[in-house]
Amino acid sequence: MLFRSIFGTGGSYIVAKDAQHKFLKIGVKTMVYDDIDMQMMASSLMDENDVAICISFSGSNYLSIECMQKAKNCGAYCVGIISQGKSPMSKIVDATIYSAYDETLFQSESVSTRIAQLAIFDSIVSNVAFKDYDRSYNAIQMTREATSQNKY
């Protein structure tokens, strides 16, 4: 079974939850845990058929790195979405996606960084959807129908 998990803490957790929502709309089930212990447990159970994605502004968050190292040690394919250059995270993961950021006093709270991370997930979800267009289209129709009674 392919297990997809998206990891992130703080503001990155919010981006992970948004990605989970987008994936579910196309029928791709992912897990996002708000508790770091749950993230650690999930990453320790991954295997070579699994995909782990971690969002980290700096790529230097100790707990996020530990989580990805566990997933990597289990054989999972690991992707890091980070905003700053070479980092401990970029040395662990199989693929690194860099997002833009503003050099300000409040870099890690940058709205433009968050928008860039959200746009990266929009691109990833679109690519996944087009790989199996019919299944994704059907999932979108089903999820829209499932929530339609909540709208006027």
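The values are calculated or read from the model by the stated rules, or taken from the named source; none is laboratory data. Remember, it's a predicted structure, so these values are computed and weren't measured experimentally. We place every Cβ from the backbone using ideal geometry, glycine too, and count neighbours over all the protein chains shown. For the accessible areas, the whole protein counts, side chains as well, though only heavy atoms, and no ligand, DNA or RNA atoms are used. Shrake-Rupley method; radii C 1.70, N 1.55, O 1.52, S 1.80 Å.
What are the pairs, 6+ residues apart or on separate chains, where a residue within the range 29-52 that is within 24 Å of I140 (Cα to Cα) has its Cβ under 6 Å from a residue that is open to solvent by 40 Å² or more (accessible area, probe 1.4 Å) and in a loop (DSSP other than H, G, I, E, B)?
The qualifying pairs are D50/F3.
Taking the condition within 20 Å of the chain's Cα centre (by Cα), at pLDDT 95 or above and not acidic (D, E), does S108 pass?
Working: within 20 Å of the chain's Cα centre (by Cα): yes; at pLDDT 95 or above: no; not acidic (D, E): yes.
Considered against the rule, which asks whether it is within 20 Å of the chain's Cα centre (by Cα), at pLDDT 95 or above and not acidic (D, E), S108 comes out as no.
Exactly one condition in (1) touching a residue at least 40 places away in the same chain (Cβ under 8 Å); (2) under 21 Å from A16 (Cα atoms); (3) of a type outside the set (A, V, I, L, M, F, W, C) is false for R135; which is it?
Failed condition: (2).
Go over the candidates I36, I92 one by one and state the one that is among the hydrophobic types (A, V, I, L, M, F, W, C) and closer than 18 Å to V15 by Cα.
Going through I36, I92 in turn, just one is among the hydrophobic types (A, V, I, L, M, F, W, C) and closer than 18 Å to V15 by Cα: I36.
Out of contact with any Cys (no Cβ under 6 Å at 6 or more places or on another chain), in contact (Cβ under 8 Å) with a residue 60 or more places away in the chain and open to solvent by less than 70 Å² (accessible area, probe 1.4 Å): is that true of R114 in this structure?
Values: out of contact with any Cys (no Cβ under 6 Å at 6 or more places or on another chain): yes; in contact (Cβ under 8 Å) with a residue 60 or more places away in the chain: yes; open to solvent by less than 70 Å² (accessible area, probe 1.4 Å): yes.
Criteria met by R114.
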